[in-house]
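See structure below.
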Protein chains: 2
Amino acid sequence: MADTRWLDAEEQATWRAFLGASRAIFEELDRQLLRDAGMPLTYYEVLVRLSEAEGRQLRMHELARLSGTSRSRLSHAVTRLEEQGWVARRDCPEDGRGAYATLTEDGFEALREAAPGHVEAVRTLLFDPLTAEQVATLGTISEQVLRAARPDLAPPPPARPRPPTTGTTG
Amino acid sequence: MADTRWLDAEEQATWRAFLGASRAIFEELDRQLLRDAGMPLTYYEVLVRLSEAEGRQLRMHELARLSGTSRSRLSHAVTRLEEQGWVARRDCPEDGRGAYATLTEDGFEALREAAPGHVEAVRTLLFDPLTAEQVATLGTISEQVLRAARPDLAPPPPARPRPPTTGTTG
DNA sequence: ACAATGTTGTTCAGTGTTCAACTACTAGCG
DNA sequence: CGCTAGTAGTTGAACACTGAACAACATTGT
């Protein structure tokens, strides 16, 4: 608590640019999806994860983890998505507490229609302003930050050439 | 509309890492501030901008622009901050429509107390996991993205050595 | 079998955010 | 001057999110 490691001028500038850029991106993505597809970004994410899952269904807690969202938020979201007919809840036979969320055919269709506009927006906002090299660096940086904050969400670190083990591990 | 420029596998990975990392950062910052200082990140930003302004006051629209927020959101926020006694509204003599938001002494104090914990969190979440070089690159990247999305918020581009002009510009 | 502990998912109340409508004023132009 | 158009700021209703509390079930250990 004693001495705060304040940000110097350059760090401040970096932080504010990052804050501004991230906000701009996510707000615009949210607006775009809400306008063109009738769902906010977080709901879109939920549909994406479901669409990628085995049998287009997932346990609630797993869906929450994959979407990087809280169980409470997901529960609300699925209720809403159920009203729209895009997701259905199913009881879980293996675990009496559990519940599956399933992507309906309508939900899959909604996702298919929403995807192009969303991807285009991601490109316009994030990738187009950057060089290929910058994109690569951004990937590395993001993964490192993610690994520090949410190790459970980060992909495994790059398989770099490592010093050979002895091979006599016991 | 015809052909969507889909993301390839690497772009996907980059996008998801960026999405995850940003979300993790902002959610944690919000939690931290709400817990330790009783205000969400967006309100903190408002106080910061006011504290840096001439006379610790700003016109609402200018405060909204600087905080990267909408007028509506700011209006609600200032109402809330006013109830907390951290901000006060003042009529604007120059413009009958206008209003100033002023940071109160209490608000300044609240900001002073909130700052260390917030800065520490920013460091832990964003800067500590990165090398100095990565931080520098992140700065450049963020500024470019910000300039593309919100030119009004971006700092002027770096003063790089440019081809000398003729000096006979007319 | 039983108690203690942990997990899953939902709900509630409180709060924040969005969009569109609205009032009040200013500015530009004939 | 009077008209039109634009800007500043606020409001309300619908919606989303949070943390905490809760019920239901699973797991562990004895």
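The values are calculated or read from the model by the stated rules, or taken from the named source; none is laboratory data. The shown structure was predicted, so the numbers you read here are calculated from the model rather than taken from an experiment. Counting neighbours? That spans all protein chains shown, and the Cβs are built from the backbone with ideal geometry, glycine included.
The residue list B:ARG71, B:ARG49 contains one member that is within 15 Å of DNA strand C (Cβ to nearest atom), within 29 Å of B:PRO151 (Cα to Cα) and either within 13 Å of another protein chain (Cβ to nearest Cβ) or in contact (Cβ under 8 Å) with a residue 40 or more places away in the chain (or both), which is B:ARG49. Residues of the range B:91-107 being in a helix (DSSP H, G or I) and surrounded by 16 or more Cβ atoms within 10 Å (Cβ to Cβ), which ones? Of everything in the range B:91-107, just one residue is in a helix (DSSP H, G or I) and surrounded by 16 or more Cβ atoms within 10 Å (Cβ to Cβ), namely B:GLY107. Within the range B:113-140, residues that are more than 7 Å from chain A (Cβ to nearest Cβ) reach partners that are surrounded by fewer than 18 Cβ atoms within 10 Å (Cβ to Cβ) with beta carbons closer than 6 Å, at six or more positions or on different chains, in the pairs B:GLY117/B:ASP36.
Does the range B:28-40 hold any residues that are surrounded by fewer than 18 Cβ atoms within 10 Å (Cβ to Cβ) and within 12 Å of DNA strand C (Cβ to nearest atom), and which are they? Write out each step before concluding.
Narrowing the range B:28-40 to residues surrounded by fewer than 18 Cβ atoms within 10 Å (Cβ to Cβ): B:28, B:30-31, B:34-36, B:38, B:40.
Matches in the range B:28-40: B:ASP30, B:LEU34, B:GLY38, B:PRO40.
I need the full set of residues from the range B:129-147 which are of a type in the set (A, V, I, L, M) and within 19 Å of B:LEU66 (Cβ to Cβ), in order please.
Within the range B:129-147, the first condition is being of a type in the set (A, V, I, L, M), and the residues that meet it are B:130, B:132, B:135-136, B:138, B:141, B:145-146.
Of everything in the range B:129-147, those that are of a type in the set (A, V, I, L, M) and within 19 Å of B:LEU66 (Cβ to Cβ) turn out to be B:VAL145, B:LEU146.
On inspection, B:ASP8 does not qualify as without any contact (Cβ under 8 Å) to a residue 12 or more places away in the chain and touching a helix residue (DSSP H, G or I) at 6+ places or on another chain (Cβ under 6 Å). Of everything in the range B:24-38, what is at the interface with another protein chain (Cβ under 9 Å from one of its Cβ atoms) and in contact with a Leu (Cβ under 9 Å, 6 or more places away or on another chain)? Give them in sequence order. Listed by number, the residues that qualify are B:ALA24, B:ILE25, B:PHE26, B:GLU28. Collect the residues in the range A:109-128 that are within 25 Å of B:LEU146 (Cβ to Cβ) and either at pLDDT below 95 or of a type in the set (Asp, Glu) (or both), keeping them in residue-number order. Result: A:GLU120, A:ASP128.
Could you count how many residues in the range B:41-50 are of a type in the set (D, E, K, R) and crowded, with 22+ Cβ neighbours inside 10 Å? Show your work before the answer.
Looking only at the range B:41-50, we keep the residues that are of a type in the set (D, E, K, R), and these are B:45, B:49.
Pick out the ones that are also crowded, with 22+ Cβ neighbours inside 10 Å and you get none.
Of the residues in that region, 0 qualify.
Inspect all residues belonging to the range A:129-146 and state whether any of them is within 16 Å of DNA strand C (Cβ to nearest atom), at pLDDT 95 or above and more than 17 Å from the chain's Cα centre (by Cα).
Within the range A:129-146, none of the residues are within 16 Å of DNA strand C (Cβ to nearest atom), at pLDDT 95 or above and more than 17 Å from the chain's Cα centre (by Cα).
Residue check: A:ASP106 meets all listed conditions (1) away from DNA strand C (no atom under 15 Å from the Cβ); (2) more than 9 Å from chain B (Cβ to nearest Cβ); (3) under 30 Å from B:ARG147 (Cβ atoms) but one, namely (3). The numbered conditions (1) over 19 Å from B:ASP152 (Cβ atoms); (2) more than 7 Å from chain B (Cβ to nearest Cβ) are all true for A:ARG5 except (2).
Residue count for the range A:52-68 satisfying the condition of being within 14 Å of DNA strand D (Cβ to nearest atom) and away from chain B (no Cβ under 14 Å): 4. Within this structure, A:GLU62 fails the test of being among the charged types (D, E, K, R), out of contact with any strand residue (DSSP E or B) (no Cβ under 6 Å at 6 or more places or on another chain) and more than 9 Å from DNA strand C (Cβ to nearest atom). Checked across the range B:152-168, the condition of being modelled with pLDDT under 95 and within 7 Å of chain A (Cβ to nearest Cβ) holds for at least one residue. The residues on offer are B:ALA110, B:ALA88, and the sole one that is among the aliphatic types (A, V, I, L, M), out of contact with any strand residue (DSSP E or B) (no Cβ under 7 Å at 6 or more places or on another chain), at negative phi and not in a loop (DSSP other than H, G, I, E, B) is B:ALA110.
The helices (runs of 4 or more DSSP H) found entirely in the range B:1-68 that carry 2 or more residues being modelled with pLDDT of 95 or more and aromatic (Phe, Trp, Tyr) are B:9-37, B:41-52.
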